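Peer 1: Got a structure here, written out as structure tokens. Questions coming.
The values are calculated or read from the model by the stated rules, or taken from the named source; none is laboratory data. All values reported here derive from a predicted model rather than from experimental measurement. FYI the Cβ positions are ideal-geometry reconstructions off the backbone, even for glycines, and counts take in every protein chain you see.
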Amino acid sequence: MQQQSISARFEPGSVVAGRYEIRSIIGRGGMGQVFLAHDSMTAQDVALKTLHGKYAANHDAVARFVREVTLARRLDHPGIVKLHETHNWNGALFYSMEYVQGKTLRRWLNEQKRLDFGSAVRVLCLVADALEHAHAITIHRDLSPENIMVLSDGSVRLLDFGLAKLDDKFKGMTMVGANLGKIMYMAPEQELDAAGVDHRADLYSLGIIFFELLVGRTPLPGRKIRDFRPDLPRETDSFLSKALARNPDDRFCSAREFRAALLGLYKLRNESGALASPVRGDEFSAGARPNFFVRSSAFFRRLLRAG
């Protein structure tokens, strides 16, 4: 009931906290809802993410949420959505963040069914680059195609840093609308001790996503990726064996190492001549500009030279 009353205050046309005019609802999830709003103080459109009333009613949860978002605000990378401010407005807990227009990786994958090798590598190299920056400060712990946004220029944005920690701490509270499907991206050690994981849990999630982008589904026990995609380099199986190792000590030690190995796979396939068209310009939408990865292509070329 409390969440319903909070949601009612974010109806289109209402003004929140004296400055945010709600335009529309743009997303729903286990943690709450996301609204497009116009910030009269900055004259910019922003996204507002509300938190379920179960958190707003718990003082410890509110304090932890503010600490986690404060930490996430330190992240300054073009591949990470920028968080602006936290608010506790008349019992409604929410934060404002950069508004970006694009598609979640989940929506893109649903439309494409599976991605070509070049597109999957390039997207995850951009994600890994953002994680390399983030891991000096925090851990995501909730990576999935729903939390990766792909823009029409080919750049990416990671969403929801810090929010997984909130649920880890207060997992005894009622999980209203939680997306239990995300457990398939969770590292084995995170299921046992969510509070004790390190950055290698994020790398496990990246491995799951890589498999899913190329096959169209998450891994099956005992099945290798080349059982589904024999066109991929033989080394792809060993890459995923390392990325998805149950023991974190057997995984890639950093996002940089993960990215370098991914680039190595790309080079192997490119040199074999199997990558005639690494990225097609029509993959994002019919109305996209001719080169899907306009902005990120120069960055990707630099990675290839450096790798």
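Peer 1: Could you grab me the full set of residues in the stretch 118-146 that are assigned to a loop (DSSP other than H, G, I, E, B), out of contact with any Lys or Arg (no Cβ under 8 Å at 6 or more places or on another chain) and either within 15 Å of Gly207 (Cα to Cα) or not assigned by TED's automatic domain parsing to the domain that holds Ala261 (or both)?
Peer 2: His140, Leu143, listed by residue number.
Peer 1: Could you check, for the stretch 10-22, whether at least one of its residues is among the acidic types (Asp, Glu), modelled with pLDDT of 95 or more and more than 19 Å from the chain's Cα centre (by Cα)?
Peer 2: Pass one, the stretch 10-22, residues among the acidic types (Asp, Glu): 11, 21.
Add one more test, that the residue is modelled with pLDDT of 95 or more, and what stays is 21.
Filter once more, keeping what is more than 19 Å from the chain's Cα centre (by Cα): 21.
Yes, the conditions are met somewhere in the stretch 10-22.
Residues checked against (1) surrounded by fewer than 15 Cβ atoms within 10 Å (Cβ to Cβ); (2) out of contact with any Asp or Glu (no Cβ under 8 Å at 6 or more places or on another chain):
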position: Glu191; (1), (2): yes, yes
position: Ala195; (1), (2): yes, no
position: Gly207; (1), (2): no, yes
position: Phe210; (1), (2): no, yes
position: Arg223; (1), (2): yes, yes
position: Glu235; (1), (2): yes, yes
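Peer 1: What are the residue pairs meeting all of these: first residue in the stretch 59-81, first residue touching a residue at least 40 places away in the same chain (Cβ under 8 Å) and under 29 Å from Leu151 (Cβ atoms), second residue hydrophobic (A, V, I, L, M, F, W, C) and surrounded by fewer than 17 Cβ atoms within 10 Å (Cβ to Cβ), Cβ atoms under 9 Å, and 6 or more apart or on different chains?
Peer 2: Leu71/Ile137; Ala72/Ile137; Arg74/Ile137; Leu75/Ile137; Val81/Val100
Peer 1: Is the stretch 58-72 home to any residue that is part of a strand (DSSP E or B) and more than 21 Å from Val156 (Cβ to Cβ)? Steps first, please.
Peer 2: Our first condition is that a residue be part of a strand (DSSP E or B); within the stretch 58-72, this holds for none.
There is no residue in the stretch 58-72 that is part of a strand (DSSP E or B) and more than 21 Å from Val156 (Cβ to Cβ).
Peer 1: Moving to a separate point now. Please find, within the stretch 85-120, the residue that is surrounded by the fewest Cβ atoms within 10 Å (Cβ to Cβ) out of those that are closer than 16 Å to Leu151 by Cα and among the β-branched types (Val, Ile, Thr).
Peer 2: Checked the stretch 85-120; the qualifying residue surrounded by the fewest Cβ atoms within 10 Å (Cβ to Cβ) is Val100.
Peer 1: Hey, can you tell me all the residues within the stretch 268-288 that are modelled with pLDDT of 55 or more, more than 23 Å from Ile208 (Cβ to Cβ) and not small (Gly, Ala, Ser)?
Peer 2: Asn270, Glu271
Peer 1: Does Ala187 satisfy the criteria of being of a type outside the set (Val, Ile, Thr) and at pLDDT 90 or above?
Peer 2: yes
Peer 1: Next up: Name every residue in the stretch 196-232 that is assigned to a loop (DSSP other than H, G, I, E, B) and free of Cβ contacts under 8 Å to residues at least 40 places away in the same chain, in order of residue number. Let's see the steps before the verdict.
Peer 2: Narrowing the stretch 196-232 to residues assigned to a loop (DSSP other than H, G, I, E, B): 197-199, 216-224, 229-232.
Matches in the stretch 196-232: Arg217, Thr218, Pro219, Leu220, Pro221, Gly222, Arg223, Lys224, Arg229, Pro230.
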